[in-house]
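Asker: Just passing along the structure, written as C-alpha cells.
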Amino acid sequence: MDKIYNDFTINVATANGTGSQSANLIILHSLFEMGVPVSGKNLFPSNISGLPTWFIIRASDRGYQAPGDETNIQIVMNKDTWEKDLASLDPGTIIIYNEDAKLPVDRDDCVSLGMPMTTMARGISPKMARLMANMYYVGGIAHLLGIEEDSIASAVEQQFRGKENAISMNLQAISEARKYASENWGDVSRYSAQSREKSDDTFLIEGNEATALGCIYGGINMLSWYPITPSSSLAESIIKWIPKLREGEDGGSTCAVVQAEDELAAAGMVLGAGWAGGRGMTCTSGPGISLMSEFIGLFYFAEVPGVIWDINRTGPSTGLPTRTQQGDLAMCYEASHGDTQHIVLIPGTVDECFEFGWRAFDYAERFQTLVFGFGDLDLGMNRWNTSGFVYPDQDMDRGKVIRNQEEMDAIPNFGRYRDVDGDGIAYRTLPGSGLAPILYRGTGHDEDGIYSEDPQVYYEAMQRLKRKIDGSRDILPAPVIREEDEGDVGIIFYGSMENSIVEIDDLLEGRGLSVSTCRVRALPYHSEVEQFVERHDRVVVMEINRDGQLYGILRKELPSHLIKKLYSVAYSDGLPPRAREYANRVFEVLEG
Amino acid sequence: MQTGFSRYWRDEDMVKLNVLNLEKSEYKGGKSSLCPGCGHDQISNIIIQAAWENGIKPEGIAKMSGIGCSSKTPAYFLAKSHGFNTVHGRMPSVTTGANMVNKDLSFIAVSGDGDTASIGIGQFIHAIRRNLDMVYIIENNGVYGLTKGQYSATVEKGSKKKKGAPNEQAPIDLCAMAVNLGCTFVARSFSGSKKQLTALLRAAMSHRGMAVIDVISPCVTFANNDESYRSYNYVKTNDEVLHIVDYIAHFSPLSEVEVPEGEFSDISLFDGSTLRLETVSDDHDPRDAVAALRAIHEATQDGRHVTGLLYYDPDQPTATDNLGLTQAPLVGLPEDKLRPSPESLEEVNANFRAR
C-alpha cells in the first residue's frame, strides 16, 4: 500500500466528561514529539458532562493548522452521535470504534476497525474502565499510524506528570491496544506518521496562557475578572503564574487579583487601578464587553489607561458559548455610546499573544486610554506551536505622568486635558501625589478638567481625542504582509485566521490565483494597510463573522477611491475556519 | 477641651490650625451648584470639618462618587484631593481597583439613595462583602433629584413627596442590609445633626474597613413637605437617637477629656482614636448585630429614624489584607519589581520545552 505520510485528519467523537481529553492530548503530543507538524482543535459543548464533544487532530508536513476539510480517521466512542458521526464520513475513511457500545457500524465502504475497549480496560481497573477505555483508541491509532513507543511514553508522562500509577496503567492500556490492533486489524492504514527533525526549542501552548505570561511580563498590577468561557483560562493562568514570577522582596505579591461580582465591576476595577496609576486588566468575552460598555466610554472620555482582553466566542447574545468567532471587532473598536474609538491589538499567533500581552499596558499608559486585546476561542483555548517567548525589547512605557513638583514646573500652562506638545496626549498626575488634583469625571470638561457644557470646549476636546487615537496608528504593530510580485489580488485578514491562511493561499494558488496577504494586527489600522490596498486591484477582506466587520471599518475609513477595490468574505458557523470554505468564497466574490 | 489645634494671628483675625498646621480652608472645595438649602451641602461642610479636625493630609484622600445630586458634591469639598465622579451606581468597583493598587489612599465616597439602593445595589453589597477600606456616605433623601423628583428605593411606605401619590412599595433599609452583610461600621445620621454627624464621620475616617454612614438629607425641592418622612420637620421630630456620640482624636489624650456625668462606653478605633457613646435611655451595644437590627426595625415600625452608631466590628480583614500583597503600594513599585527578569523567561521557556 502506498503510504501517505504526515497528511491526515483524525476526528475523535466522545462525550464530555469521559476523560477523552487526556487521550486526545496524548495522541497530539506523541505526534508532536516525533516532530510531526500537528495541531489540535477541541470542539466542546457548553456543558460539564454528557454532551457530545469532538477533538480534531491535523497532521500536515505543509504546516496546515486549520481543521482538515475531510476526516481520514474517525474514532467513534459516543453512542449519542454514533449514527451521525458515521453517516457524515467519505468512503474509504478508517473507522475505529468501541465494540462494547454494541451499536452497528453499517459502512461497508469504509474500513471499520472494532476493539472491545471497555472490556479490555476492565481488565486493568474495573473502577476506571470508562476512563481507561479511551486509552485503547490511542493504542489503536498508535498502531495504525506507527507512532513511536518512546513518543507515546513521553506524552503519557507529560499528561499524568508525577502520578506514577496513572502513567503505568495508561501505558499498559495503550500497549495492550497496540497489540490487539496489530493482531486483529493488520496493516490497513494508508496514513502514517513519520518522524521529522524537531527543533528542540518548540513547544505547544494555548493562546490564553501565552497572553497570561505576556501580562505578567507587562507588569500587571491588578487583575479583575468574572468567569466566562473562553476567557477564564486566561485569568486562571495569570493566577497560576503570579506566585512563581511576581513575588516582591518581602514575599508578597506585586499583582492583586479580584474575582468581581460581574463584568461591570471588573471593568470598574480596571478603571480605578488605571486612574490610581497601576496597570489594571480584565479578560472576558463578548457578553462581558456588552456589559462593560458604559465604563469603556468613561475610560475613553476621562482618559484612563486600562486593558481588556476579549476572547471572542460565537454571538450574538449567549450564542454558542464554546465555539469561536471574530464577531466582536466592530464592537470593541467603537464600544460605548457617543463617538468613541479604542485601540485594538489582534494577535494571530501564541508568540503575539505573549508580545501583545505586555505591549497592551505600554500602549494604554502611553495613550491614556483603554486598549483591547482581541483573541478568540480557537487561538485562546487550542494549543499552538512556539519556539519560545521573546523577552520585551523595550522598557515599560508609563506615559506622560508627572511625579513631582520639578516635573510639574517644567510644563508650561499645565492642565489635565491640555495638549501642550501637539500629540493629543496631555500630562496626568496621580491620586496621592497632591500634584494638581482634579475631580475626574465622565461629564464634559475643559482643559483643566473643570465641568463644562461650552460647545467649543466640547468640540475641541472631542477633536483632540480623535487626534490622540489616530496618532497611535503607526506606533501600534504593523501588519504582516506577504507579497507576490505578480499578484493583482490582495487578501486582508486578522487574528486566528493566520492559522488557515497558508492552506487557503495554497488552495487559491492551486486554482491559478496568486494572492498577496496582509494580516492586520491592530486598530486603528496602520498606514501600511492603506498602502497595501493602494497596490492591489482587488482586495478581499476575509474574516470569521457574518457581516464583514473589518470590511465595514475599512469602508468607513479608507479614502473613497480605494473603497471600490474591497470585497468581503465573511463566514462563520462557530467552527474554526476550514480553508476550503474560505477559498471557495474568495472565488465566488471575485467572479461576482 | 480637645487639643491638637493651634492658632496664629493673621493681619486681621486669629486663624485656627489643625494638627498638620493646616487651615480649614485647605480642605474646602468649589462652589456648590445644588439647590439652596440642600441637605447635601451641610454634609459637604461636615466632611470638610471632619477631615480637617482629624488632620488627614488632603493629598492622601481620594474622593469617590457615582452619579446624582449627591455624587456631584466631591467638587464642593477637599479641592486638594484627587477625585473621581464615576458612573451611576458603579463607584464601589472603581474604588476597589484604586484601593488594590494604592492601599495607602484614604477613600471618602459619596453616593445617593438612587445610586446605592437601586442601580448600584450590587456593587454596594460586594464592596461590603470585601470590607473595602473606605468611608461610604449615602446622602439619602428618598427621591431622584437630578431627574426631578421620582421616588427612590429607600423611601418609606406611605411617605409622600411634594407632588404625586404616596409611595406604596416597601423600602430598602441600607443600614439593616449593611448589618446583615457584616459591614464593619454602620451608622445613620441626619444632615441637620451637625454634632452627631461630625463625630460619626470622624470615627468612620478612623476606622479601617468599610464604614457606611446613611445620612438622611432632605431634598428641599421635591420632598421637604411634612408628609415626606425625609423632610426637615419630620426627621427633627422623629429622630430616635441611640446615644450621644463624641469623638476623641488619638492626638487628644483621653485623660484630658471631660468625663460625662451619665453612663457611657468607649469604642477604640483603628488609628487610636475613641468614639464615646453616652447612654440616652436604653443602652445600645454596637457589637451586637441583632440589637442593631432590632433598633432599626422598631424605629421603622413607629415611623421613626434611628440614628447613631448601629454596628461596629473592628476585627475583620479588609479587601487587600487577604491577597498576600507586598507591603508597599503597588503603584509605587519600579519596573524591576514589576517585570520579571530575562532569566526567568528563559526558565519558563525551558520548562515548557522539557515537558
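The values are calculated or read from the model by the stated rules, or taken from the named source; none is laboratory data. These numbers were taken from a predicted model, which means no experiment stands behind them. As a convention, Cβ positions derive from the backbone with ideal geometry for all residues, glycine included, and neighbour counts pool all protein chains shown. Surface accessibility is based on the protein's heavy atoms, side chains included, excluding ligands, DNA and RNA. Shrake-Rupley method; radii C 1.70, N 1.55, O 1.52, S 1.80 Å.
Asker: Does segment A:108-116 contain any residue that is at positive phi and in contact (Cβ under 8 Å) with a residue 60 or more places away in the chain?
Answerer: No, the conditions are met nowhere in segment A:108-116.
Asker: I've got another one for you. Only one of B:LEU338, B:LEU330, B:LEU277, B:LEU309 is crowded, with 21+ Cβ neighbours inside 10 Å and over 28 Å from the mean Cα position of the chain (by Cα). Can you tell me which?
Answerer: One residue alone meets the criteria, B:LEU338.
Asker: Does at least one position in segment A:227-236 carry a residue that is within 8 Å of another protein chain (Cβ to nearest Cβ) and charged (D, E, K, R)?
Answerer: There is no residue in segment A:227-236 that is within 8 Å of another protein chain (Cβ to nearest Cβ) and charged (D, E, K, R).
Asker: In the list A:CYS283, A:CYS255, which residue meets the criterion of being within 11 Å of another protein chain (Cβ to nearest Cβ) and either among the aromatic types (Phe, Trp, Tyr) or buried (at least 23 other Cβ atoms within 10 Å of the Cβ) (or both)?
Answerer: A:CYS255
Asker: Kindly evaluate A:VAL307 against the criterion of being in the same structural domain as A:GLU352 (by TED's automatic domain parsing) and not in a helix (DSSP H, G or I).
Answerer: yes
Asker: Still on this structure, I have one more. I need the full set of residues from segment A:437-461 which are in contact (Cβ under 8 Å) with a residue 12 or more places away in the chain, within 13 Å of chain B (Cβ to nearest Cβ) and surrounded by 19 or more Cβ atoms within 10 Å (Cβ to Cβ), in order please.
Answerer: Matches in segment A:437-461: A:ILE438, A:TYR440, A:ARG441, A:GLY442, A:HIS445, A:GLY449.
Asker: For A:ASP537, indicate whether it is acidic (Asp, Glu) and in contact (Cβ under 8 Å) with a residue 40 or more places away in the chain.
Answerer: Spelling it out, A:ASP537 is indeed acidic (Asp, Glu) and in contact (Cβ under 8 Å) with a residue 40 or more places away in the chain.
Asker: Specify the residue that is farthest from A:ILE450 (Cα to Cα); the eligible residues are those in segment B:69-94 that are more than 9 Å from chain A (Cβ to nearest Cβ) and open to solvent by 20 Å² or more (accessible area, probe 1.4 Å).
Answerer: The extreme case among them is B:CYS69.
Asker: Based on what the data block shows, is A:GLY63 in the same structural domain as A:MET120 (by TED's automatic domain parsing), closer than 30 Å to A:LYS127 by Cβ, in a loop (DSSP other than H, G, I, E, B) and open to solvent by 10 Å² or more (accessible area, probe 1.4 Å)?
Answerer: no
Asker: Is it fair to say B:ASP113 is more than 25 Å from A:MET281 (Cα to Cα) and either of a type in the set (Ser, Thr, Tyr) or more than 7 Å from chain A (Cβ to nearest Cβ) (or both)?
Answerer: So B:ASP113 passes the test.
Asker: Go through the residues of segment B:205-217 one by one and say whether even a single one is touching a Lys or Arg at 6+ places or on another chain (Cβ under 8 Å), open to solvent by 10 Å² or more (accessible area, probe 1.4 Å) and within 23 Å of B:ILE128 (Cα to Cα).
Answerer: Within segment B:205-217 (the criterion being touching a Lys or Arg at 6+ places or on another chain (Cβ under 8 Å), open to solvent by 10 Å² or more (accessible area, probe 1.4 Å) and within 23 Å of B:ILE128 (Cα to Cα)), the answer is no, since none of the residues qualifies.
Asker: Sticking with this one: Scan segment A:472-487 residue by residue and report those that are open to solvent by 10 Å² or more (accessible area, probe 1.4 Å) and either closer than 30 Å to A:ASP61 by Cβ or in contact (Cβ under 8 Å) with a residue 60 or more places away in the chain (or both).
Answerer: Of everything in segment A:472-487, those that are open to solvent by 10 Å² or more (accessible area, probe 1.4 Å) and either closer than 30 Å to A:ASP61 by Cβ or in contact (Cβ under 8 Å) with a residue 60 or more places away in the chain (or both) turn out to be A:ILE475, A:PRO477, A:PRO479, A:VAL480, A:ILE481, A:ARG482, A:GLU483, A:GLU484, A:ASP485, A:GLU486, A:GLY487.
Asker: For the condition touching a residue at least 60 places away in the same chain (Cβ under 8 Å), facing another protein chain (nearest Cβ under 8 Å), over 17 Å from the mean Cα position of the chain (by Cα) and under 30 Å from B:ALA354 (Cα atoms), what is the one hit in A:GLY248, A:GLY219, A:GLY274?
Answerer: None of the others qualify; the one that does is A:GLY219.
Asker: Separate question: Would you be able to tell me the number of residues in segment A:16-55 that are in contact with a Pro (Cβ under 8 Å, 6 or more places away or on another chain), touching a residue at least 40 places away in the same chain (Cβ under 8 Å) and surrounded by fewer than 20 Cβ atoms within 10 Å (Cβ to Cβ)?
Answerer: Qualifying residue count, segment A:16-55: 2.
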